[in-house]
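Here is the structure we will look at.
The values are calculated or read from the model by the stated rules, or taken from the named source; none is laboratory data. Predicted, not measured: the structure shown is a model, and the values here were computed from it. Don't worry about glycine lacking a Cβ; one is built from the backbone with ideal geometry, like all the others, and counts go over all protein chains shown. Heavy atoms of the whole protein, side chains included, go into the accessibility calculation; ligands, DNA and RNA do not. Shrake-Rupley method; radii C 1.70, N 1.55, O 1.52, S 1.80 Å.
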Amino acid sequence: MVVRTTRPSFDFGAKAKLSIETGLKKTVSGTVTGPIVDDVLAAKLAVYYSDDNGWFRNRFDNRSFGKSHDLIIRPALSLKGGDRFRMDLRYEHGDVESDGAPVQSHALFPRDSFRFSINFPGFYDAKWDQAIVETNIDVGLGEGVFTNIAGYRKFRSSAGADIDGTPQSFFHAFFEIDQDQLSDELRYAGRFGDVELTTGLYYFSQDLRYAELRNLLGGARIVSGGGTQDQTTWGIFASTDWHFTDTLTLNLGARYSWERKAVRVSALRANGCNLDTLICATNLLASALVV
């Protein structure tokens, strides 16, 4: 999935939205954009906030369930150098806090109902920061455009859930994810007579760490496990559209990719992983390398 937010505008604009839904869920969002230096520098700030009291009700304590607080902040800058150069810098910070999953045991409640009863409400906390720099340069070669898109994303989440879905402590689980991603794409798009050409290079790297803890039978047995994945991907691609007539076009394209994944997995066992540090014991780690 690719989500591309709007760029800052060199014309001033502002908008806001407020909504209320069952739950009770309150949402407010707003955007303001405009020039800082005429035809040179523009800025934008978008904010989204949601406060949800929860639509479900937990039969265990008869309390509202499904509470969630979401905050997303997106500042951006655009820099222009005449008609041939533009750089857009986008940043996003996100923060989500909510209850865990409303797990239903079909041994206690029918599948076609929304009733459930759990003694551990669980939780989900996630924070992320990401930055994207997009540069476009118009060139005389084929009246084309060179585009470079560089991005960085850091994500961390913590979660807990009542897996057994009952008022008893048979199976409670906790999860931690820490992820760092870096990507860059350099491409050229232009036209030479009846032929349109798009070609470029792509790079992606990722460091992913995961840990899980399972609390079984009210603490009678506690096991944990997890692992790490280091990934690097390179790619080169080209695509042409040859327009023979207004209704007939031949498309030719090719891509070469190289990918390396180094994976270390720690099986579930007593004292297998530390969820705070995401460090797993090394003596039973299994390693794998995929190219």
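For the reader, a short list of remarks on this structure follows.
- Solvent-accessible area, 1.4 Å probe, carbon plus sulfur percent, for the chain: 59 percent
- Full-stretch length increase - residue 232, residue 16 - with 0.36 nm per residue and alpha-carbon distance subtracted: 73.7 nm
- Whether segment 142-186 is rounded, prolate or oblate, judged on the alpha carbon gyration tensor where a/c under 1.5 counts as rounded: prolate
- Length added when fully stretched, residue 181-residue 252, from 0.36 nm per residue minus Cα-Cα: 22.5 nm
- Listed cross-link partners 67/127; 25/127; 44/127; 26/80; 44/261; 154/261 are compared with a 27 Å cut-off, the Cα-Cα value being larger for 26/80; 44/261.
- Segment 137-282, relative contact order [Cα under 8 Å, separation at least 6], %: 20 percent
- Segment 172-291: proportion of alpha-carbon pairs further apart than 25 angstrom, %: 50 percent
- Residue-wise HN-Hα couplings along segment 150-158, as the Karplus relation 6.51 cos²θ - 1.76 cosθ + 1.60 with θ = phi - 60° gives them from phi, are 10, x, 9, 9, 10, 9, 9, 9, 10 Hz; Gly and Pro carry x.
- Label-to-label distance, nm, for residues given as residue 47 and residue 136 (7 Å Cα→Cβ offset): 2.9 nm
- A crude spin-label estimate for the pair residue 37 and residue 191, with each label 7 Å from Cα along the Cβ direction, gives 3.3 nm.
- Solvent exposure of the chain as accessible area per residue, Å², 1.4 Å probe: 60 Å²
- Here the 3J(HN,Hα) profile of segment 23-33, calculated from phi with Karplus coefficients 6.51, -1.76 and 1.60 at θ = phi - 60°, is x, 8, 10, 10, 10, 9, 8, x, 9, 9, 8 Hz, Gly and Pro shown as x.
- Dimensionless Rg over Rh [the chain; C-alpha; Kirkwood]: 1.08
- Gaussian network model of the chain, springs between alpha carbon atoms under 10 Å - residue of 186, 250, 18 with greatest fluctuation: 250
- Residues 243, 106, sorted by accessible area with the largest first, give 106, 243 [1.4 Å probe; ligands and nucleic acids excluded].
- Inter-centroid distance (Cα atoms) of segment 72-87 relative to segment 7-54, Å: 17 Å
- Semi-axis lengths, largest first, of the ellipsoid equivalent to segment 190-241 are 51, 11, 5 Å, with √(5λ) applied to each eigenvalue of the Cα gyration tensor.
- Given R0 = 22 Å, the distance between the Cβ atoms of residue 168 and residue 268 translates into a calculated FRET efficiency of 0.55.
- Taking all Cα-Cα distances within segment 1-124, those exceeding 20 Å account for 60%.
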